[in-house]
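S.K.: If you scroll down you'll find the structure; I have some questions about it.
The values are calculated or read from the model by the stated rules, or taken from the named source; none is laboratory data. This one's a predicted model, so the numbers in the text were calculated from it and none came from an experiment. Heads up, the Cβs are rebuilt from the backbone with ideal geometry, glycines too, and the neighbour counts pull from every protein chain shown.
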């Protein structure tokens, strides 16, 4: 084998694991998946808009990856005209471009949310010069607040990773997993178990997490009963499956994280990602989009239930970018039927919505940049 062939072989081999985590990009929906025929949906409550102060003690930040207005309206139609999201009365629009591209990826967009800095596509918690930037999660830890991450993807995937890791490429999953050990995050729940255990460097990060005082669990039915302490919930080897496989993992994980984090008297910061709205857009599947939009709405319902009782919690819902160039061709509020169409299998540059409920919610109106989201959360929660 000559040297050029050997180098090519090594490159292909080492890139295989990264490609495996991105299989959803190659998904392709059948025409039948363009129409969601309707289903049972979920009951929605309206919560009071009265709060204790002008600034929050807690922030729950939802990222519906890939969502823009068509995805949101598809879910509203599918749930027969009502969503928990409607409780978020303050609304704005967000520009999503990265430092090097008009159409961003989740890594650069997540880093803009987590650090307030535009960076290149693929970057995880680093600037355009690949220098680490402190994230809002890390700053919250320094102020003594509790912190958490929840995701339906691998917890090492681009969006959650951008809040806790500092790596030059989103595909450095094992390095991202190791970065979790460098923080004092209180709870994280998502897939990615293999990146903590089946590693090139031979480390077993699960054992290291246990040595740091974390309870490490893989079964969501066990995870949901944890009320205190440090928790690492690794619910899948890589990504969690679609709704028919993972069930109500996201609402349960969100509620569990809130239960644990709210023990901290100083407050908390929690980021929750509904990862697979994006994957439905990549696949051109209205069914997939609707299923996962309804899923994150149920998780938002859990957050609102806590926030309405607590009266010191700001709940924000936004997206990192739009996926699929989705539009709605037909729908029916009575049956929940939605017929969608998609103009691309990738991301687009269209603005995305931001919505807020709770003390400080009025700060999230108008047209803003994704870095403004970070800056406003930081000022409200941390005071700087």
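S.K.: Is it the case, given these coordinates, that residue 252 is touching a strand residue (DSSP E or B) at 6+ places or on another chain (Cβ under 8 Å), farther than 19 Å from residue 145 by Cα and at pLDDT 95 or above?
M.R.: no
S.K.: Please find, among 345, 358, 301, 340, the residue that is surrounded by fewer than 24 Cβ atoms within 10 Å (Cβ to Cβ) and more than 21 Å from residue 96 (Cα to Cα).
M.R.: 301
S.K.: Residues in region 226-246 that are in a loop (DSSP other than H, G, I, E, B) and in contact with a helix residue (DSSP H, G or I) (Cβ under 8 Å, 6 or more places away or on another chain): how many? Spell out how you get there, then give the answer.
M.R.: Residues of region 226-246 in a loop (DSSP other than H, G, I, E, B): 226-229, 235-242.
Among the residues that remain, those that are also in contact with a helix residue (DSSP H, G or I) (Cβ under 8 Å, 6 or more places away or on another chain) are: 226-229, 235-240, 242.
Count: 11.
S.K.: Ok, one more. Among the residues of region 285-292, is there at least one that is touching a helix residue (DSSP H, G or I) at 6+ places or on another chain (Cβ under 7 Å), under 21 Å from residue 97 (Cα atoms), crowded, with 23+ Cβ neighbours inside 10 Å and in contact (Cβ under 8 Å) with a residue 12 or more places away in the chain? Let's see the steps before the verdict.
M.R.: Here is the first cut: in region 285-292, the residues touching a helix residue (DSSP H, G or I) at 6+ places or on another chain (Cβ under 7 Å) are 285-292.
Of the ones still in play, those that are also under 21 Å from residue 97 (Cα atoms) are none.
Checking region 285-292: not a single residue is touching a helix residue (DSSP H, G or I) at 6+ places or on another chain (Cβ under 7 Å), under 21 Å from residue 97 (Cα atoms), crowded, with 23+ Cβ neighbours inside 10 Å and in contact (Cβ under 8 Å) with a residue 12 or more places away in the chain.
S.K.: On the basis of being more than 12 Å from the chain's Cα centre (by Cα), over 28 Å from residue 49 (Cα atoms), outside any helix (DSSP H, G or I) and free of Cβ contacts under 8 Å to residues at least 60 places away in the same chain, does residue 99 make the cut? Walk me through it before giving the result.
M.R.: Numbers: more than 12 Å from the chain's Cα centre (by Cα): yes; over 28 Å from residue 49 (Cα atoms): yes; outside any helix (DSSP H, G or I): yes; free of Cβ contacts under 8 Å to residues at least 60 places away in the same chain: yes.
Yes, satisfied.
S.K.: Could you run through region 37-80 and say how many residues are surrounded by 20 or more Cβ atoms within 10 Å (Cβ to Cβ) and assigned to a loop (DSSP other than H, G, I, E, B)?
M.R.: Counting residues in region 37-80 that are surrounded by 20 or more Cβ atoms within 10 Å (Cβ to Cβ) and assigned to a loop (DSSP other than H, G, I, E, B) gives 7.
S.K.: Do we have residue 90 as modelled with pLDDT under 95 and within 21 Å of the chain's Cα centre (by Cα) here? Walk me through it before giving the result.
M.R.: Details: modelled with pLDDT under 95: no; within 21 Å of the chain's Cα centre (by Cα): yes.
No: the conditions fail for residue 90.
S.K.: Being in a helix (DSSP H, G or I), touching a strand residue (DSSP E or B) at 6+ places or on another chain (Cβ under 8 Å) and farther than 22 Å from residue 65 by Cβ: is that true of residue 141 here?
M.R.: yes
S.K.: Quick one: how many residues across region 327-383 are more than 19 Å from the chain's Cα centre (by Cα) and closer than 30 Å to residue 145 by Cβ?
M.R.: Selection size over region 327-383: 15.
S.K.: Moving on to the next point. Hey, residue 112 hits all of (1) under 16 Å from the mean Cα position of the chain (by Cα); (2) over 18 Å from residue 188 (Cβ atoms); (3) assigned to a strand (DSSP E or B) but one; which does it fall short on?
M.R.: Unmet condition: (3).
S.K.: Can you go through 164, 223 and tell me which one is closer than 25 Å to residue 119 by Cα, touching a strand residue (DSSP E or B) at 6+ places or on another chain (Cβ under 7 Å) and modelled with pLDDT of 95 or more? Talk me through it step by step, then tell me what you get.
M.R.: On the way: 223 fails: closer than 25 Å to residue 119 by Cα.
On inspection, the qualifying residue turns out to be 164.
S.K.: For region 165-180, enumerate the residues that are out of contact with any helix residue (DSSP H, G or I) (no Cβ under 6 Å at 6 or more places or on another chain) and part of a loop (DSSP other than H, G, I, E, B).
M.R.: Going through region 165-180, the residues out of contact with any helix residue (DSSP H, G or I) (no Cβ under 6 Å at 6 or more places or on another chain) turn out to be 166, 168-169, 172, 175, 178-180.
166, 168, 169, 172 - these are the residues of region 165-180 that are out of contact with any helix residue (DSSP H, G or I) (no Cβ under 6 Å at 6 or more places or on another chain) and part of a loop (DSSP other than H, G, I, E, B).
S.K.: Got a sec? Which of 159, 183, 147 is outside any loop (DSSP other than H, G, I, E, B) and either out of contact with any helix residue (DSSP H, G or I) (no Cβ under 9 Å at 6 or more places or on another chain) or over 17 Å from residue 123 (Cα atoms) (or both)?
M.R.: Working: 159 fails: either out of contact with any helix residue (DSSP H, G or I) (no Cβ under 9 Å at 6 or more places or on another chain) or over 17 Å from residue 123 (Cα atoms) (or both); 183 fails: outside any loop (DSSP other than H, G, I, E, B).
So the residue among 159, 183, 147 that is outside any loop (DSSP other than H, G, I, E, B) and either out of contact with any helix residue (DSSP H, G or I) (no Cβ under 9 Å at 6 or more places or on another chain) or over 17 Å from residue 123 (Cα atoms) (or both) is 147.
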